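Data first, discussion second: the structure below is written as structure tokens.
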Amino acid sequence: MSKEKCPCCSDKSFLECCQPFILGLKKPTIPEELMRSRYSAYATCEVDYLYNTTATKEQKYYSKKEIERWSSENDWLKLEIIQASENIVEFKATHRLKSSLDIQIHHELSRFIQEGNDWKYLDGEFF
């Protein structure tokens, strides 16, 4: 997948966009980069990255098994960033349930925090 376009719809290749974040070669410097890389991690079923980029105090509410289930039972079609600010990213993630082929749009206003030098997903408001 590394030469293909990045799942986050940045028009860059996966190799030069989100893959270095997912592999731990680079760290997102702004919440939008983290949001995009987390979307790409859902598209590529990178469960550990998704779990590890969740705020430490929130990780107890997440199950790696559930993250893997949600990630793998969908085809991730498109990410649209609506707006991004200092620690908030509003986005729409279009995905298709593999079992029914129903297309759904996940619309969220996500909040991010810094833990040390790392940005982490804190929580989101869903529309």
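The values are calculated or read from the model by the stated rules, or taken from the named source; none is laboratory data. For clarity, every value in this text was computed on a predicted model and none was experimentally measured. Glycine also receives a Cβ, built like all others from the backbone with ideal geometry; neighbour counts cover every protein chain displayed.
Limited to the range 28-46, what total is found for residues that are in contact with a helix residue (DSSP H, G or I) (Cβ under 9 Å, 6 or more places away or on another chain), of a type outside the set (F, W, Y) and closer than 18 Å to H106 by Cβ?
10
Residues that are among the polar types (S, T, N, Q), at least 2 per element: which strands (runs of 3 or more DSSP E) completely within the range 15-127 meet that?
By residue number, 74-84, 103-115.
One line per residue, one yes/no per condition, for (1) within 17 Å of D118 (Cα to Cα); (2) at pLDDT 95 or above; (3) crowded, with 17+ Cβ neighbours inside 10 Å; (4) of a type outside the set (V, I, T):
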| site | (1), (2), (3), (4) |
| --- | --- |
| R36 | yes, yes, yes, yes |
| A43 | no, yes, yes, yes |
| S63 | no, yes, no, yes |
| S72 | no, yes, no, yes |
| A84 | no, yes, yes, yes |
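Residues are listed down the side, and each one gets a yes or a no for (1) at pLDDT below 95; (2) hydrophobic (A, V, I, L, M, F, W, C); (3) under 25 Å from Q59 (Cβ atoms):
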position: W76; (1), (2), (3): no, yes, yes
position: N87; (1), (2), (3): no, no, yes
position: F91; (1), (2), (3): no, yes, yes
position: H95; (1), (2), (3): no, no, yes
position: S99; (1), (2), (3): yes, no, no
position: S110; (1), (2), (3): no, no, yes
position: E115; (1), (2), (3): no, no, yes
position: K120; (1), (2), (3): no, no, yes
position: G124; (1), (2), (3): no, no, yes
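Provide a single number: the residues in the range 1-25 that are of a type in the set (D, E, K, R), closer than 16 Å to W76 by Cα and either surrounded by 12 or more Cβ atoms within 10 Å (Cβ to Cβ) or at pLDDT 95 or above (or both).
Counting residues in the range 1-25 that are of a type in the set (D, E, K, R), closer than 16 Å to W76 by Cα and either surrounded by 12 or more Cβ atoms within 10 Å (Cβ to Cβ) or at pLDDT 95 or above (or both) gives 1.
So, of the residues in the range 47-61 that are within 12 Å of L122 (Cβ to Cβ) and in contact with a helix residue (DSSP H, G or I) (Cβ under 7 Å, 6 or more places away or on another chain), which turns out to be surrounded by the fewest Cβ atoms within 10 Å (Cβ to Cβ)?
Q59
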